[in-house]
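The values are calculated or read from the model by the stated rules, or taken from the named source; none is laboratory data. Not measured: the values here are computed from a predicted model. Glycine gets a Cβ as well: all are built from the backbone with ideal geometry, and neighbour counts include every protein chain shown. Side chains are part of the model used for accessible areas, which takes the heavy atoms of the whole protein and leaves out ligands, DNA and RNA. Shrake-Rupley method; radii C 1.70, N 1.55, O 1.52, S 1.80 Å.
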Amino acid sequence: MISSFDFVIFGGTGDLTMRKLIPSMYHHFCEGLLDCGGRIVGVARSEMDSKKFRNLVNKEAKPHIEEEFIDKAKWAEFLEMLHYVAVDVTTPEGFEALGKVLDEHPDRQRVFYLSIAPHFFAPTVQYLQQFGLNKNGARLAVEKPLGKDLQSAKEINSLMRAVFEEEQIYRIDHYLGKETVQNLMALRFGNSLFEPLWNRSHIKSVQITVAETVGLEGRTYYDGSGALRDMVQNHLMQLLCILAMEPPAENNANFVRDEKLKVLRSLRKIKDREVSEDVVRAQYTSYGDLSGYIEELEAAGVENAESETETYVAIKAEIDNWRWKGVPFLLRTGKRMRERTTEVVINFRDVPHPIFPTAATVVHEPNRLVLRLQPEEYIKLLMYAKQPGDEFSLRPVKLDLNLNDGLKVRQRSAYERIMIDLLRGDQTLFVRDDELEAAWEWIDPIREAWQKEGSPLYKYKSADWGPTSANELIIKAGSSWFEESGI
Ligand code: NDP
Ligand code: BG6
């Protein structure tokens, strides 16, 4: 059990708090992981007392907990842990009141979770220091976006580091909190089967797809970001790191993050003219009943919308190190795609000297490992067996492993993992300052080339798999996008 704590959520009335943070804490509470003397302190500008805040949580957060897990008595007990302090983070006044509440228990572990827009990070962190609230190893958790380029990421890092030590800072990438993403590490480093094959001698290419069916959904601020910043810089690059890193000597925060950092530093920069060769950006257009990106911007209140923001990116990335030299890592992510899926495909090299024909009706493809992370979780391995009968020919068969089969436990959400690790002080699944900067260092030249060269922004139809130029990109890399559910 986590001993008593004060978990302060800046942005305590916001969407993220209500949809993810409060439900996660409730699940921990029900599992007996939280000391009920601990406090969750919501902070926002709106004037209200703790009673009103509890009513708000009851109305806004409770519907995000599956009904079967709501136990009336537990819920009532949990609400008692909630407190509220009104603070406008741009002025000092409210911080004094917050300090008074926290000083009722000066020795408790404090966590400050910034679920507020990034331009509020600077005043919040500075006032935390000015009012002496960052004491006793208090932890600071920050939500994305963590910068929009290397320069702004460095500024965020240095403003946090001026007040907190790196060991106190928890940069959130919710993909790392997903059980399925952690399962990639389990697959690689908990089994001896794959690791000997996990290199350029046996693997021809790797694909990482994060496809979403949702579009803009009224989030007009997405327009200032785009898929490269919103998804690639963080989630896809973290997946790539986990797939490509060397085995860490131990499963601890700095050992794991050191290995991820080495991958980020080995990524070959794509810049200037190479960007039009190795990167495709695109925006979705309307199809059937589905509106296009521009129409959605207008529906969200942007008049005469024009936008060059990419809602889709495909990249051929290369890692210049001994293990991966020459193996293309093909990344793609997009909104309004045909299916929601997060999937890794490992294409192995073919047998060096084929001696059997493949059955006439079958296209021969080398062994392929498909690791599906969302919405279902499974592993499939495409292999070959003998076609029954007189002829000696091969037919594809698949080794099919559903990772949730037989599991009677509730799958934890990414935020549950994040919240509990924050309380326990385990930084393994959080991004270190140097990792964040190394990721931006790789991203920035791509954006710069887009601006300089006026490189094309392709279009793709809503509910499709992206533009045809992304197919050309992967064909040039000697592969093709894997798009069937199954093998
Ligand atoms: P919301 O707009 O729903 O909530 C913003 C919160 O900030 C509210 O509680 C608001 O309350 C508070 N706030 C605004 N101005 C101030 C201020 N001056 N002082 C104190 N509090 C203030 O945002 P989200 O919850 O959606 O997102 C919060 C952050 O998390 C953003 O940076 C977002 O990018 C990030 N994020 C969100 C995700 C999501 O799923 N929603 C996912 C990943 C990241 P009040 O108006 O009462 O002050
Ligand atoms: C967020 C992005 O980080 O991840 C969103 O800002 C995206 O644009 C979301 O929709 C996807 O997360 P998940 O967990 O639904 O795959």
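Could we say that Asp71 is open to solvent by 40 Å² or more (accessible area, probe 1.4 Å) and within 16 Å of ligand 1 (Cβ to nearest atom) here?
no
I'd like to check something: does the stretch 453-476 contain any residue that is polar (S, T, N, Q), over 22 Å from the mean Cα position of the chain (by Cα) and under 18 Å from Phe329 (Cα atoms)?
Yes; the residues of the stretch 453-476 include at least one that is polar (S, T, N, Q), over 22 Å from the mean Cα position of the chain (by Cα) and under 18 Å from Phe329 (Cα atoms).
Whether any residue in the stretch 86-100 is buried (at least 21 other Cβ atoms within 10 Å of the Cβ) and in a strand (DSSP E or B) is what I want to check.
no
For the stretch 201-223, how many residues are touching a Pro at 6+ places or on another chain (Cβ under 8 Å) and of a type in the set (Lys, Arg)?
Looking only at that region, the number is 1.
Evaluate the following for Thr17: is it surrounded by fewer than 14 Cβ atoms within 10 Å (Cβ to Cβ) and of a type in the set (Ser, Thr, Tyr)?
no
Considering only residues that are in a loop (DSSP other than H, G, I, E, B) and open to solvent by 20 Å² or more (accessible area, probe 1.4 Å), which ones fall in the stretch 219-231?
Arg219, Ser225
Criterion first (under 25 Å from Glu212 (Cβ atoms), modelled with pLDDT of 95 or more, under 21 Å from the mean Cα position of the chain (by Cα) and surrounded by 15 or more Cβ atoms within 10 Å (Cβ to Cβ)) does Asp444 satisfy it?
So Asp444 fits the description; yes.
Taking Asp15 and the conditions (1) within 16 Å of ligand 2 (Cβ to nearest atom); (2) in contact (Cβ under 8 Å) with a residue 60 or more places away in the chain, which numbered condition does it fall short on, given that it satisfies the others?
(2)
Exactly one of these conditions fails for Gly301: (1) closer than 30 Å to Leu216 by Cβ; (2) modelled with pLDDT of 95 or more; (3) not hydrophobic (A, V, I, L, M, F, W, C). Give me its number.
Exception for Gly301: condition (2).
Scan the stretch 359-380 for residues that are in contact (Cβ under 8 Å) with a residue 40 or more places away in the chain and out of contact with any Ser or Thr (no Cβ under 8 Å at 6 or more places or on another chain) and report the count.
Number of matching residues: 7.
Has the stretch 345-355 got any residue that is within 30 Å of Ser393 (Cβ to Cβ), under 26 Å from the mean Cα position of the chain (by Cα) and open to solvent by less than 10 Å² (accessible area, probe 1.4 Å)?
So far as the stretch 345-355 goes, yes, one or more of its residues are within 30 Å of Ser393 (Cβ to Cβ), under 26 Å from the mean Cα position of the chain (by Cα) and open to solvent by less than 10 Å² (accessible area, probe 1.4 Å).
For the structure I just gave you, tell me whether Phe392 is open to solvent by 50 Å² or more (accessible area, probe 1.4 Å) and of a type in the set (Phe, Trp, Tyr).
Here the answer is yes, as Phe392 does meet what is asked.
Could you check the stretch 1-45 and list, in sequence order, the residues that are hydrophobic (A, V, I, L, M, F, W, C), within 13 Å of ligand 1 (Cβ to nearest atom) and not in a strand (DSSP E or B)?
Leu16, Met18, Leu21, Ile22
Can you report the number of residues in the stretch 398-430 which are within 16 Å of ligand 1 (Cβ to nearest atom) and open to solvent by 10 Å² or more (accessible area, probe 1.4 Å)?
So the count comes out to 5.
Condition first: open to solvent by less than 10 Å² (accessible area, probe 1.4 Å), in contact (Cβ under 8 Å) with a residue 60 or more places away in the chain and within 16 Å of ligand 2 (Cβ to nearest atom). Can you find one or more residues in the stretch 24-40 that meet it?
yes
Is at least one residue of the stretch 87-97 under 18 Å from Gln168 (Cα atoms) and within 13 Å of ligand 1 (Cβ to nearest atom)?
So far as the stretch 87-97 goes, no, none of its residues is under 18 Å from Gln168 (Cα atoms) and within 13 Å of ligand 1 (Cβ to nearest atom).
What single numbered condition from (1) in contact with a strand residue (DSSP E or B) (Cβ under 7 Å, 6 or more places away or on another chain); (2) among the aromatic types (Phe, Trp, Tyr); (3) open to solvent by 10 Å² or more (accessible area, probe 1.4 Å) fails to hold for Phe53?
(3)
State the number of residues belonging to the stretch 367-385 that are more than 16 Å from ligand 1 (Cβ to nearest atom) and open to solvent by less than 40 Å² (accessible area, probe 1.4 Å).
Within the stretch 367-385, residues that are more than 16 Å from ligand 1 (Cβ to nearest atom) and open to solvent by less than 40 Å² (accessible area, probe 1.4 Å) number 13.
Of the residues Arg368, Arg417, which single one is among the basic types (Lys, Arg) and touching a strand residue (DSSP E or B) at 6+ places or on another chain (Cβ under 9 Å)?
The conditions single out Arg368.
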